[in-house]
Amino acid sequence: MAGAWTDEQNDAIVADYFAMLADDVAGRPYNKAERNRAVQASTGRTRGSIEYKNRNISAVLKGLGEEWIAGYRPAFNFQSSLEVAVARWLDRNPEWLARTTRAAAISLGSGYGEPPPLWIGPPPTHSNAPPPEELEQMVVIARKYDVGARDARNRALGRAGEERVLAHERSTLLAAGRTDLARQIRWVSDVDGDGAGYDIRSFEPDGRERLIEVKTTNGWERTPFHITRNELAIAEAYRDDWLLVRLWNFARDPRAFELRPPLEAHVSLMATSYQASFL
C-alpha cells in the first residue's frame with residue numbers, strides 16, 4: 001500500500017510503538033519483527049515503511065521532550081498527521097506523562113539506598129555542542145505543545161528531580177570531607193515552599209553557597225523549560241551563588257548540566273504569559 005497514512009493506520013502504529021516503549025523502559029524483552037508483522041496485518045503497510053514510521057515516531061517524541069526507543073533512531077521527515085496521532089495517544093493516556101516509577105526508585109525515600117553519582121556535563125550551547133540540523137523542527141513541536149509548561153506542571157517529576165540533586169549535593173560534600181556542610185543543606189522548596197527563587201541551598205566544599213534551581217525533564221538535553229520572573233530576578237541578584245541544574249533523560253539515566261547567570265548567555269528567553277490588569 002502506498003500513499004499517506006490514514007488516521008486509523010497512524011493510531012495503530014503509534015499504539016504499538018508505545019507498547020514497545022513501555023517494555024523498553026521496564027527492561028522487558030519484546031520481539032520487533034513479531035510486532036512489525038502484527039502492524040503489517042492491521043495496516044496493510046510494508047515491513048520497511050513500518051520500520052521507518054517507528055523512527056518518525058521517535059522523532060516526534062524527541063520534539064515533545066519525551067523518551068523514545070533507542071533502536072529506532074529519530075527520522076524527521078514525517079507528516080504532520082503523525083505528530084497529531086502521537087499527541088492524540090498521549091491525550092488518551094495521561095498516565096504516561098504522569099508516571100514516575102523509575103524516578104521514585106532512585107529517590108532517597110525509596111529504600112534502595114543512595115542513588116548512583118549524577119553525571120554532570122557541559123551545557124548544550126553553540127560553543128560546546130552545535131545544535132542538530134533538525135533542531136528547528138523540534139523547537140516547533142515543543143512550542144506547539146508547550147513541553148516546558150507540561151514539565152513544570154508535573155509536580156511529581158519536579159520533586160523527584162529536586163530530591164535527586166539534593167542527594168548529589170550531599171554525596172559531593174561528604175566525599176570532600178565536609179560533613180558539617182552536608183548537614184546544613186536545605187531543601188528550600190520543600191521546607192519553605194516556592195517563592196525563594198531557588199529550590200536547594202547547598203555549598204561548595206570551601207563553604208561558598210550554592211543556590212540551586214532545579215529543572216527536570218524526561219526528554220533530551222535541549223528540551224525547553226519554563227523559568228519564572230522571580231527566579232530570573234534572584235539569579236541576577238545572586239549571580240555569584242545562584243545556578244540552574246538542568247536534569248534530563250531523568251526516567252532512564254539521569255544526566256545534568258549547570259547554567260550560571262546571566263542565563264541570556266546560554267538560552268533564549270521568550271515571554272510566554274502576561275499579567276492582565278484592568279484599566
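Every read-out reported here was derived from the displayed coordinates using simple, explicitly stated rules and does not represent laboratory data. Because the structure is predicted, anything quoted here is derived from the model rather than measured. Positions of Cβ are generated from backbone atoms using ideal geometry, with glycine treated the same way; all protein chains shown enter the neighbour counts.
Quick rundown of the values:
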{"item": "Given charges at beta-carbon only (K, R positive; D, E negative), |dipole| of region 9-84 in Debye", "result": "300"}
{"item": "Modelled FRET efficiency - R0 22 Å, Ser42 with Ala4, Cβ distances, 0.05 increments", "result": "0.80"}
{"item": "Dipole magnitude of the chain about its Cα centre (Cβ charges: Lys, Arg +1; Asp, Glu -1), debye to nearest 20", "result": "620"}
{"item": "Most mobile of Ala251, Ala152, Ala237 in a GNM of the chain (Cα contacts under 10 Å)", "result": "Ala237"}
{"item": "Label-point separation, His226 to Asp240 (7 Å along Cα→Cβ), nm", "result": "3.4"}
{"item": "Farthest positive-ward along the chain dipole, Cα basis, beta-carbon charges - from Ala251, Pro261, Ala152", "result": "Ala251"}
{"item": "Mean Cα-pair separation over length for the chain, i.e. relative contact order, pairs under 8 Å, 6 or more apart, %", "result": "16"}
{"item": "Nearest-ten-degree value, helix 155-175 long axis tilted from longest Cα axis of the chain", "result": "50"}
{"item": "Region 185-279: chymotrypsin sites (Phe, Trp or Tyr not before Pro) in DSSP loop, at most 13 other beta carbons within 10 Å", "result": "Tyr274, Phe278"}
{"item": "Helix axis angle, 7-26 relative to the chain longest principal axis, alpha carbon, degrees", "result": "50"}
{"item": "Those residues of region 1-27 whose amide nitrogen sits under 13 Å from the label point placed on Arg92, 7 Å along Cα→Cβ", "result": "7-19"}
{"item": "Cα-based Rg / Dmax (Å) for region 108-265", "result": "15.7, 48"}
{"item": "Quotient of C-alpha Rg and 2.2 N^0.38 Å, computed over region 127-216", "result": "1.38"}
{"item": "Cα convex hull of the chain - mean projected area over all directions, nm²", "result": "18.1"}
{"item": "Net lengthening on full extension, Asp206/Thr125 (0.36 nm per residue, minus Cα-Cα)", "result": "26.3 nm"}
{"item": "Region 7-98 - Debye-derived log10 I(q)/I(0), Cα point model, q = 0.22 Å⁻¹", "result": "-1.18"}
{"item": "HN-Hα J in Hz across region 209-220 - Karplus 6.51, -1.76, 1.60, θ = phi - 60°, x for Gly and Pro", "result": "6, 10, 9, 9, 9, 9, 10, 10, 9, 8, x, 7"}
{"item": "Potential extension, Asp253-Ala22 segment - 0.36 nm per residue separation minus Cα distance", "result": "81.6 nm"}
